[in-house]
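Structure, as structure tokens:
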Amino acid sequence: MTAQRCDGTELVQDRILDAAEELVCTRGIAGFTLDGVARAAGVSKGGLLYHFRSKDSLISGMQRRMASRMADKLREAKAGSEPVLQAFVRHLRRDYERGGRSFAPLLLAREREEPCEELRSLLACIVREGGHGDGKGSTLLLLAALGLMLSSLARLPYPLPEHASDLLDDLEAAAGLVGPP
């Protein structure tokens, strides 16, 4: 019975996190309210607060899930001998082409004092494993790639969608060049 309850809890949490990501993507930060997330997830506000005790906890949950998924992708890339930074940019491209939803938690980073530890560790790992020397090149590429994603999520007029693919091509090629020797 406990295993079923855990599975059910995880399903509800995933539904809540999916709804939260969708709200951030479609309505922006202003549309990200606990009431709105609960409605979109099909749970009561009390049900949402059962799983995530506060808005901060919900944002942390979104960031942890994003970091976990990204870490899995990067582990797969590393196992296949693909440079980590290049794999990150490739994953970012796929997500960008699908609307950027998995990176929506980054828009909420300013809503918290600090990002969750898993997200901070993941970004540090990408910089550390993504380059060599002083890490400036990999840091710059990481920030450029994230900036492209955030500009899309924020619906900024630049870069133009038809230019984004070319920019991602350039970032991916550059990521392959700054990888470990």
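Once both labels are positioned 7 Å from their Cα atoms along Cα-to-Cβ, the gap between R98 and D72 label points is 1.1 nm. Candidate cross-link partners of K78 among the aspartates and glutamates, defined by an alpha-carbon separation under 19 Å and a same-chain spacing of 8 or more, comprise E118, E129, E172. Within the accessible area of region 1-128, the carbon and sulfur atoms contribute 49%, probe 1.4 Å, all protein chains present. Taking square-rooted eigenvalues a ≥ b ≥ c of the alpha carbon gyration tensor, is region 1-71 rounded, prolate or oblate, where a/c under 1.5 means rounded and, failing that, a/b exceeding b/c means prolate? Oblate. Here is how the number arises for the chain: DSSP H runs of 4 or more residues each give -39500 (n - 2.57), the sum is divided by the residue count, and the result at 222 nm is -24000 deg cm²/dmol. Of S81, V178, V43, which is farthest on the positive side of the dipole of the chain, counting Cα position, with +1 on Lys and Arg Cβ, -1 on Asp and Glu Cβ, and the Cα centre as origin? It is V43, whose Cα lies furthest towards the positive end. Think of a 1.4 Å ball rolled over the protein heavy atoms: region 62-155 then has 51 Å² of accessible area per residue. Look at the alpha carbon pairs under 8 Å that are at least 6 residues apart: their mean separation over the length of the chain gives a relative contact order of 24 percent.
Modelled this way, with points 7 Å down the Cα-to-C-beta line, the labels at R27 and Y158 are 3.1 nm from one another.
When both region 20-54 and region 58-73 are represented by their alpha-carbon centers, they are found 17 Å apart.
The values are calculated or read from the model by the stated rules, or taken from the named source; none is laboratory data. Because the structure is predicted, anything quoted here is derived from the model rather than measured. Note that we place each Cβ from the backbone using ideal geometry, even for glycine, and neighbour counts take in every protein chain shown. Calculation scope for accessible area: heavy atoms of the full protein, side chains included, ligands and nucleic acids excluded. Shrake-Rupley method; radii C 1.70, N 1.55, O 1.52, S 1.80 Å.
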